Every structure is written in C-alpha cells, then in structure tokens.
Amino acid sequence: MYKKFFIQTFGCQMNEHDSEVMAGLLEERFYVPTKDIKEADFILLNTCCIREKAESKVLSMLGSLKKIKEKKPSLIVGVCGCMIQQKNIVPKILHACPFVNLMFGTNNMNRLPEYLEKIEKNGQPIYEIVDEDSSAELQLPASREYPFKAFVNIMYGCNNFCTYCIVPYVRGRERSRKREDIVAEVRRLVEDGVVEVMLLGQNVDSYGNDFAEPISFASLLKEIDDIPGIERIRFMTSHPKDFSLELIDVIKNSKHICHSLHLPVQSGSNEVLRRMNRKYTREHYLEIVQAMREAIPDVALTTDIIVGFPGETEEQFQETVDLVETVGFDNAFSFIYSKRPGTAAEKFEDQIPLDIKKERLQRLNDVLSKWSLHHNKKYEGQNVKVLVEGLSENNDNMVSGRTDTGKTVIFQGDPSLIGKFVDVNITTAQTWVLKGKLEEEI
Ligand code: 5AD
Ligand code: SF4
C-alpha cells in the first residue's frame with residue numbers, strides 16, 4: 001500500500017533541487033506525492049535560514065501543522081535542510097513544536113528512507129545532524145518538477161564567508177562534483193527529454209578549484225554545451241571575484257548557454273563591500289559588466305543587493321543606487337540585511353534601524369523597477385523564442401514560459417504547448433512580465 005508525502009520547500013534553487021532528490025528517494029520506497037497536505041502520511045519542511053524571515057515562515061507553518069498531527073497521530077512530521085544544520089536549533093524547534101518526529105540536515109538527506117522506515121517500525125523520533133558530507137560523490141535519483149528542464153548540482157558549499165552570510169556555516173566548504181559525473185548526468189537528462197539545465201552552486205566560478213588538478217567552470221560549460229540535444233544552459237550563482245573573462249568568451253562562442261547572467265553585487269560602495277568581505281571593488285564589477293555587454297549585447301544582467309548592512313551610511317547607500325543606475329539591471333533581488341547567528345557581521349556595531357532599512361529598500365526598488373520596465377520595453381514588437389513552462393498562474397487559457405534571457409512571457413495558448421519551444425510576438429511589456437501572441441511552434 002502506497003503512502004503519501006508532501007514536501008514544502010523554502011529558499012533557493014539548491015533547496016528546490018534537494019527536495020526533488022528527496023522526492024526521488026521517497027518514490028523509490030513506496031511513497032507517492034500528494035498536493036493535499038491533509039491526506040499526507042509524511043510532511044517534510046525543507047527549510048532555509050538565509051534571513052530571519054525565512055525561519056519565521058518555517059516556524060509559522062510548523063505551528064499550523066499541530067492541528068493536522070492531533071487529528072492524525074500516525075502522521076510523520078519532518079524538518080530538514082539549512083535551518084537544521086545550525087547549532088542548537090533542534091531543542092529550539094522541539095520546544096515550540098514537540099510533535100516533530102524527524103529532523104536532519106543537508107548532509108544526510110540521502111538517509112531519509114532509512115529514517116522513515118525506523119520511525120514507522122518503532123515510533124521513536126529521529127534527530128540527526130551530520131557535519132561531514134559525501135554528497136559530491138553520491139548520484140541520487142531526482143523526481144523532477146518539470147520533465148523538460150532540470151537542476152544539476154555541480155558543487156556544494158561555499159568558502160567565501162561573506163560577513164553577513166550563514167551559508168558557509170550550514171552548507172560547509174566547497175566540494176565540486178566530478179566533471180564526468182556532471183556530464184553523464186546531463187547526458188542522461190537529455191536522453192530523458194530535458195532541453196534546459198540549470199547548473200547550481202553557491203559560487204560556480206570556483207568550480208574545480210578543489211581538485212588535485214583544478215579545472216575551470218568555463219571548460220565544464222564548454223563540454224556541456226557540446227552534448228547533443230541540450231538546448232539551453234543556465235547557471236547560478238556567479239561571484240564577481242572569481243568570474244573569469246574566459247567565461248565571457250565561452251558564453252559568446254557557445255550555442256546553448258543562455259544570454260543571462262546573475263551576478264550578485266550586494267553593494268555599490270567599496271567600503272561596504274570590504275566590510276562584507278566580498279573581495280572585489282565596484283570598479284571591478286563595472287568592468288565585468290562592460291566586458292559582458294561588449295561581447296554579448298543582448299545579455300540580461302540580474303543581481304542581488306543588500307540594503308542596511310551594519311554601518312551603511314546614506315552616502316554609501318547612494319553609491320548602490322548610483323551603481324544600479326550605471327548598470328541598469330534587467331532584474332534584481334533586493335534584501336533588507338538580516339542579522340544571522342554566528343556570522344561576523346552579527347557582532348558589527350552600527351546595526352541600522354529597521355525603518356531606515358525599509359525606507360532604503362523602497363527607494364532602491366523604485367529604481368530597480370524603472371530599469372526592469374526599461375529593458376522589457378525593448379522587447380515590444382519583437383519575436384522571441386520561448387520555452388513554455390506551464391499554465392499562467394491567474395488564467396488557464398494562458399501559458400507562461402521564458403526567453404533565453406530569462407524573461408517571463410505570458411500568452412494565450414493551451415497545455416499541449418508545455419515543454420515546447422515557440423515563437424511569440426511581444427505585444428505589451430510590463431515591469432515583471434512580457435505579454436505576447438503565439439506566432440508558431442518551433
Ligand atoms: N541578510 C540579507 N540578505 C542576505 N543574503 C545573504 N545573507 C543575507 C542576510 N544575512 C542575500 C544575498 C545573497 C542572497 C542569496 O541572499 O544578497 O546573494
Ligand atoms: Fe554566502 Fe558569500 Fe558564499 Fe554567496 S559567496 S553563499 S553570499 S558566503
């Protein structure tokens with residue numbers, strides 16, 4: 001008899017992919033997914049701790065599970081992922097939610113089936129956090145959300161210790177997966193109908209630096225670009241300190257690497273960048289942007305920005321706004337700085353009051369949306385190649401997909417188009433989406 005599972009994922013694409021892997025492990029063990037949380041026999045929250053808000057979301061969802069668990073005592077409630085990998089978190093969660101009967105971190109998710117089997121057998125809760133990690137060697141099956149596109153981890157962990165960031169503490173040091181394992185995985189995915197891959201790592205530009213004979217991310221990309229049948233290659237996240245000019249050449253000369261680059265800048269002030277331990281300057285960042293635009297004029301540039309980092313003055317914030325005006329990003333994720341336990345910046349003086357942080361975020365977002373609309377307007381009247389990803393969220397007669405440059409396009413169409421490339425004429429550009437009319441299937 002099959003049991004049903006429900007996984008709720010918080011946070012980044014790395015987590016989304018981990019959830020796909022855990023779903024794959026469960027499906028190998030007589031579990032089937034359900035979209036209805038109330039009928040699940042196993043509910044798993046795959047958590048994020050990058051900002052305090054992410055953690056509160058997890059805790060509030062856990063709170064709401066209490067009633068479901070009371071009605072169904074056999075229900076197994078699990079919490080896993082980055083949040084669990086933090087020191088002393090298990091007692092904190094148990095204090096608030098004693099009904100949680102499974103907790104594990106990012107390094108032992110491959111043991112999920114075994115944990116479930118034990119709990120089903122003897123009812124005893126399991127809370128296990130493992131420090132060392134072997135994920136770079138494991139080849140785990142994944143149950144993909146989309147048949148036509150897939151995430152592929154190329155490395156795990158981060159060595160950079162940006163002073164605001166908790167990731168190096170919860171995801172450990174950089175471990176690159178073997179080049180031949182990655183290439184074999186992409187080949188298998190393509191055979192299975194995948195046309196687009198997203199290569200994942202906290203800092204993909206330092207891929208291969210941990211090998212006895214280092215190889216570059218650029219050379220890995222080149223090899224993946226040559227795999228017959230692959231149509232689109234995306235990657236994230238790049239780091240300006242490691243981003244190489246060799247990579248620009250590879251993208252320019254490749255047939256399938258998408259013309260979009262997500263390059264987090266975090267701040268436009270050299271002083272703030274120094275205190276963030278980012279190890280590059282505003283000038284270096286602008287040089288990369290210039291080289292990228294010269295080589296690939298239609299490239300879409302996106303970024304991450306933090307406002308209200310400890311000690312950020314109004315002038316330093318203005319330098320960020322000025323950088324945004326200089327680059328004119330296609331899109332950006334902007335965040336209010338959130339103090340994270342154990343990070344260096346937690347102890348920095350001059351933490352910025354929340355009202356100032358909020359006000360800066362608002363001013364920054366106004367500039368960001370202006371640029372986003374500006375870039376989108378350039379698409380009006382043009383035909384673009386779109387990979388259709390699914391039904392539009394608000395209207396079942398519309399489908400939604402993405403351009404090579406990562407823009408979301410919505411147009412009238414039916415579900416039979418999902419997973420196909422189509423030509424769409426853009427009729428209206430809005431700040432976050434392009435609307436258009438289907439021309440033809442490609
Ligand atoms: N507060 C706010 N934003 C953060 N990020 C990482 N740590 C924090 C933090 N403590 C942002 C950075 C990073 C993105 C994934 O999250 O901009 O690039
Ligand atoms: Fe965090 Fe910096 Fe590593 Fe990115 S590069 S994961 S921001 S420490």
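Every number in this text was worked out from the coordinates using simple rules, so none of it is lab data. Quantities reported herein were computed from a predicted structural model and do not represent experimental measurements. Ideal geometry is used to build each Cβ from the backbone, glycine not excepted, and the neighbour counts take in all protein chains shown.
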Given only helices, namely DSSP H runs of n ≥ 4 each adding -39500 (n - 2.57), what is the per-residue ellipticity at 222 nm of the chain, to the nearest 500 deg cm²/dmol?
-10500 deg cm²/dmol
Enter the per residue convex hull volume of the stretch 348-391, computed from alpha-carbon coordinates, in Å³ rounded to the nearest integer.
168 Å³
Paramagnetic reach from Phe30 (point 7 Å along Cα→Cβ, amide N under 19 Å) across the stretch 123-150:
123-124
Output for the stretch 8-124 (equivalent-ellipsoid semi-axes, sqrt of 5λ from the C-alpha gyration tensor, Å, descending) is 20, 17, 14
What number, in percent, do you get for the relative contact order of the stretch 222-352 if the mean sequence gap of Cα pairs under 8 Å and at least 6 apart is divided by its residue count?
25 percent
Taking the Cβ-Cβ separation of Val433 and Ala344 as r and a Förster radius of 41 Å, what is the calculated FRET efficiency to the nearest 0.05?
0.60
Can you sort Ile410, Ile215 by how many other beta carbons sit within 10 Å, fewest first?
Ile215, Ile410
I'd like to know how the stretch 100-205 sits against the 2.2 N^0.38 Å rule of thumb: what's its Cα Rg over that expected value?
1.25
Relative frequency of Cα-Cα separations exceeding 18 Å in the stretch 119-173, percent
60 percent
Viscosity 1.306 mPa s, temperature 10 °C: what is the translational diffusion coefficient of the stretch 150-191 from Stokes-Einstein with a Kirkwood Rh over Cα pairs, rounded to a whole number of µm²/s?
136 µm²/s
Packing-based order for 241-251, 103-113, 197-207, using average beta carbon neighbours within 10 Å, highest first
197-207, 103-113, 241-251
Over the stretch 289-442: Rg over Rh, Cα atoms, Kirkwood Rh:
1.09
Percent RCO, i.e. relative contact order, over the chain, from Cα pairs under 8 Å lying at least 6 residues apart
10 percent
For a quick protection proxy, order the peptides 61-72, 144-155 by their average other-Cβ count within 10 Å, most packed first.
144-155, 61-72
Highest mean first, what order results for 343-354, 21-32 on Cβ atoms within 10 Å?
21-32, 343-354
Largest-first principal axis extents of the Cα set of the stretch 100-143 (Å):
32, 24, 13
Take the cross-link list Lys149/Lys435; Lys57/Lys357; Lys67/Lys118; Lys3/Lys407; Lys35/Lys69; Lys53/Lys435 and give me the ones stretching past 29 Å between alpha-carbons.
Lys3/Lys407; Lys53/Lys435
Pairwise label distance in nanometres, Asn110 with Gln412, each label 7 Å out on the Cα-Cβ vector
5.2 nm
Using the Kirkwood formula over every pair of different C-alpha atoms, what hydrodynamic radius in Å results for the stretch 202-254?
11.7 Å
Dividing the alpha-carbon radius of gyration of the stretch 153-229 by 2.2 N^0.38 Å, where N counts its residues, gives 1.19
Could you give the distance between the Cα centres of the stretch 1-72 and the stretch 116-140, to the whole Å?
15 Å
Relative to the present Cα-Cα distance, how much length would full extension add between Glu441 and Glu145 at 0.36 nm per residue of separation?
104.3 nm
So the compactness index of the stretch 217-298, its C-alpha Rg divided by 2.2 N^0.38 Å, takes the value 1.19
Dimensionless Rg/Rh of the stretch 258-377, both radii on Cα and Rh by Kirkwood, sits at 0.98
Quick check: residue separation of Glu314 and Ser369 times 0.36 nm, minus the Cα distance between them. What number comes out in nm?
17.7 nm
All-pairs Cα distance distribution in the chain, expressed in whole percent, bin size 10 Å:
4, 19, 28, 29, 17, 3, 0
Per-residue Cβ contact counts at 10 Å, fewest first, order Asp225, Asp131 as Asp131, Asp225
Note the per residue figure in Å³ for the convex hull of the C-alpha positions in the stretch 322-404.
186 Å³
Subtract the Cα-Cα distance of Glu294 and Asn397 from 0.36 nm times their separation in residues, and report this length gain in nm to one decimal.
33.1 nm
Projected onto their principal axes, the Cα atoms of the stretch 181-328 stretch, largest extent first, over whole-Å spans of 53, 36, 24
Take His259, His374, His239, His95 and order them by how many other Cβ atoms sit within 10 Å, fewest up front.
His95, His374, His259, His239
Roughly how large, in nm² to one decimal, is the mean projection of the convex hull of the alpha-carbon atoms in the stretch 1-57?
4.1 nm²
